[in-house]
């Protein structure tokens, strides 16, 4: 499997592509991150890539399968989790044509 690009490599590639400095690209990434963190409560959409949203996972009962308490039921309380749902265009660009990923639901 190929190594993923570092933040510096991404910044250099984008800077070259659109004709700005790497410093400006890094400032954009910082501003985008801050805005995403702030707006995740509502849903934060990155056009062409997907959306980040905050979801409340319901409380549930889990059966313990190992250890001395094996077989007992434990209550797991509800909690907030952060999810990212990829846009259809992004899924098709990466996976190709008509494949649908179960993880993107």
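The values are calculated or read from the model by the stated rules, or taken from the named source; none is laboratory data. Keep in mind it's a predicted model, so treat the numbers as computed, not measured. Here Cβ is always computed from backbone atoms with ideal geometry, including for glycine, and neighbour counts include all displayed protein chains.
Report whether or not residue 3 is over 23 Å from residue 78 (Cβ atoms) and either in contact with a helix residue (DSSP H, G or I) (Cβ under 7 Å, 6 or more places away or on another chain) or in a loop (DSSP other than H, G, I, E, B) (or both). Yes.
Yes or no, residue by residue, for (1) surrounded by fewer than 11 Cβ atoms within 10 Å (Cβ to Cβ); (2) modelled with pLDDT under 90:
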{"residue": "66", "(1), (2)": "yes, no"}
{"residue": "79", "(1), (2)": "yes, no"}
{"residue": "83", "(1), (2)": "no, no"}
{"residue": "96", "(1), (2)": "yes, yes"}
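Only residues that are on the phi > 0 side of the Ramachandran plot, under 20 Å from the mean Cα position of the chain (by Cα) and loosely packed, with under 14 Cβ neighbours inside 10 Å were counted in the range 1-54, giving 2. Taking every residue in the range 32-54 that is under 21 Å from residue 94 (Cα atoms) and pairing it with any residue that is modelled with pLDDT under 90, at least 6 positions away or on another chain, the pairs with Cβ-Cβ distances below 8 Å are 52/40.
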